[in-house]
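I am attaching a structure below and will ask some questions about it afterwards.
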Amino acid sequence: MNFRKILLVLLLLALTIAPRLSALDSFVTIDEPFWLSVGANYYYALGQRELENTVYEYHPAVTTMSFITAAFLVDFPDYRGLGQGYFDVDKEKFDPFIIENGHDPMVLLVLSRLFQVATIILFVLIIFYLLSVLFGDEKAFFITAFISSAPYFLGHSRVLSHEALVAFFVLASLLGMLAYLEFERKWFFLLISGASAALAQLTKSSAMAMFPVIALMLAIAIFEKTKERGLKSALLEHLKIFGVWLGWLALAYFILWPGMWAAPGKMLYEVYGNAFSYALQGSRLQVTQELEPSRFGLATMSGSILNFVAQVLTKETPLSWLGLGLAVFSLRRVGAAFEGRLMLYLFVNAVMSILLFSAAQGRNSPHYIMSAHVSMDVIAALGWMSLSALILNQDTRINSRLKMGSVVFILFLQLGSALIYYPYYYTYHNPLVVNAPLSDYGEGFEQAAAYLAQKPNAEALKVLSFRGRGPFSYFFPGETIIFNPLFIEEPGMPSMIERLEQADYLVINDALRPRTPRSELFVQAMDGVTPEHSIFINGVSTIRIYRMADLPVSFYETISK
């Protein structure tokens, strides 16, 4: 490795590590406490040698649960042997158990985040390596840094979330296959591709959207080879390549998931059976009992496609928009066939990701299509690189320092777009898009906790908080009473009125309204009531804090209806 490449790698590491480690303990998303308890069950299953219990449900989440397992090994290794069994993730007993045993859930979460960030950084290096093989070191540096600095991806890559992992695993798999097919037929390119595909599948079953892209890559390679060797020879050669790739995928999938060692049939049925049940019927197999494809319909698919496309446009930066335009223009350039094929593969990957979740019933969160975002950012980066090749290289007066300066300036603007939203990078929305939807992923509740923590008797206070488990409770020294309208009326759980009577303060935000008819009634009861304190964050749902003693009698009368 030459000095220039070492310098690029060090600069790339600095650009990718610094924004991911900064303020890693500053807030908690609504999903992270859930996954912390799921990961704890995974660790407990490993400790009890009950490997068949390492399955979650409709996607394996093995990578995420492995990060949590590593966190427990560092901070709370004895958890596996205390005999507490498996916690129901919706019964609010996990966090109290952790605290009663002298440990802090926030410490476990931060450690889990660190292990995920380390994996992201590892794949930054893998993607840089593959791109350097395909395009050279300078282009590889720019493309990798550009996609790593994209606000939406950056935000999700530093919290405990599957989406950023899937996106990078899929990208590494596609680049590995491309390097094998179009650069050099070396076995380790197929190994990287197959193992990365396995990691994507072990993270989330929706990564299957990449398979049509692999098929397209092989089909084009067959077409090219047919000119040289004939159809039969080319077809047999690439079927063998696909078999080897699939073999690496299956081997890595088996090795990295202990559940596959004990009960492979159960693992695959739980994951893919539930995945197809969710996609076709909107519920898990536990609810539907069996797959009934006849219940599947495409009536609302067009609306979902438009919604996801709008999300891509909203979350991509103006630099990405401009880069996409340059990429389209660059296809007219002589010698752009290779870049054009890569752009095609990435575009198809983005389309397949959007189509998969547009067809799935009830699974339409914007971040589910993170792989589409990353694919579009790679295309945009290729567009910017084509501009460099078309203009800068044709002007002998432009020296290498000026070229590097222009690259750094673009990356500075891209990363700066994210830093404006610190620490909630993923709440970014393109300033050219009007009426962008507000984010509600738990951000800001730690500020509500900080406000109430300043009260003289904060440790004795009881606070009923929507989004309370984690986003609020991890930062509040008193008692947090969870307000989840989806589970509040379950048998054995305290009723809404009982929880309100126990609380000293109430913390809610605007996202409560559409949850259930009960929550809608609850919000109506708050109309006209002035909060003690409100928290406003740009692009984030407003959080309101009420003192229970200040709520009028009419409030209780309304919610009792």
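Which order do Y451, Y425 take by accessible area at a 1.4 Å probe, largest first? Walk me through the numbers on the way to the answer.
Details: Y451 55, Y425 5 Å².
Order by accessible area, largest first: Y451, Y425.
Something else about it: What FRET efficiency do you get for E184 and I305 if R0 is 45 Å and r is their Cβ-Cβ distance, rounded to the nearest 0.05? Working shown, then result.
On the way: r = 38 Å, r/R0 = 0.85.
Result of the calculation: an efficiency of 0.75.
On C-alpha positions alone, give me the angle between the axis of helix 3-21 and the longest principal axis of the chain, in degrees, nearest 10.
That helix lies at roughly 20 degrees to the long axis.
Using just the Cα positions, wrap the range 1-138 in a convex hull and report its mean projected area in square nanometres, one decimal place. Display every interim value, and only then the final one.
On the way: hull surface 42.7 nm².
Computed as one quarter of the Cα hull surface, the answer is 10.7 nm².
Round to the nearest 10 and give me the degree value, 0 to 90, for the angle of helix 211-229's Cα axis relative to the longest principal axis of the chain.
10 degrees
What does the charge add up to near L551, with Lys and Arg as +1, Asp and Glu as -1, over the other residues with Cβ less than 13 Å from its Cβ?
-4
Now for a different question. If R0 is 45 Å, what FRET efficiency do you get for K93 and T542 from their C-beta distance, rounded to 0.05?
According to the calculation, E is roughly 0.90.
For every helix of n ≥ 4 consecutive DSSP H residues, a contribution of -39,500 (n - 2.57) applies; sum these over the chain, divide by its total residues, and give [θ] at 222 nm rounded to the nearest 500 deg cm²/dmol.
Value at 222 nm, helices only, nearest 500: -19500 deg cm²/dmol.
Separate question: Could you tell me what percent of the DSSP beta bridges with both partners in the chain are antiparallel, to the nearest 5? Intermediate values should be presented prior to the final figure.
Numbers: 9 of 18 bridges.
Here the share of antiparallel DSSP bridges comes out near 50 percent.
Please compute the Cα-Cα pair-distance distribution of the range 1-60 with 5 Å bins starting at 0, giving whole percents from short to long.
4, 14, 13, 12, 10, 11, 12, 11, 9, 4
Quick one: grab Rg to one decimal and Dmax as a whole number for the chain, Cα atoms only, in Å.
Cα-based Rg and Dmax for the chain come out at 25.1, 84 Å.
Just grab the label-to-label distance for A450 and V328, each label 7 Å out from Cα along the Cβ direction, in nm (one decimal).
Taking the two extended label points, one gets 4.3 nm.
Need one number: nm distance between label points at E501 and I6, each 7 Å from Cα along Cα→Cβ, rounded to one decimal.
Those two pseudo-labels are separated by 7.2 nm.
Calculate what fraction, in whole %, of the accessible area of the chain sits on carbon and sulfur atoms when a 1.4 Å probe is rolled over the protein chains.
Here it works out to 62 percent.
Can you sort R158, R333 by solvent-accessible area, 1.4 Å probe, largest first?
In descending accessible area the options line up as R333, R158.
Here's another thing I want to ask about it. Hey, what does the equivalent ellipsoid look like for the range 102-225, semi-axes from the Cα gyration tensor as sqrt of 5 times each eigenvalue, largest first, whole Å?
With the √(5λ) rule applied to the range 102-225, the semi-axes are 29, 17, 12 Å.
Quick check: with the 1.4 Å probe, what order do H429, H156 take by accessible area, largest first?
Descending order: H429, H156.
Let me ask something additional. All other residues with a Cβ under 12 Å from the Cβ of L331 taken together, and with Lys, Arg as +1 and Asp, Glu as -1, what is their net charge?
Residues near L331 contribute +2 overall.
Same structure again: Under a point spin-label approximation (7 Å from Cα along Cα-to-Cβ), what is the F409-K266 distance to one decimal in nm?
The modelled label-to-label distance comes out at 6.1 nm.
Tell me, what HN-Hα J-couplings in whole Hz come from the Karplus equation 6.51 cos²θ - 1.76 cosθ + 1.60 at θ = phi - 60° for each residue of the range 73-78, using x for Gly and Pro?
Calculated HN-Hα couplings, in order: 4, 7, 9, 8, x, 6 Hz.
Still on this structure, please answer the following. Efficiency by 1/(1 + (r/R0)^6): what FRET value for V553 and L73, r their Cβ-Cβ distance, R0 = 51 Å, to the nearest 0.05?
Numbers: r = 53 Å, r/R0 = 1.03.
After rounding, the FRET efficiency stands at 0.45.
The values are calculated or read from the model by the stated rules, or taken from the named source; none is laboratory data. Being a predicted model, the structure only gives us computed values, none of them experimental. FYI the Cβ positions are ideal-geometry reconstructions off the backbone, even for glycines, and counts take in every protein chain you see. These accessible areas exclude ligands, DNA and RNA; they are computed on the full protein's heavy atoms, side chains included. Shrake-Rupley method; radii C 1.70, N 1.55, O 1.52, S 1.80 Å.
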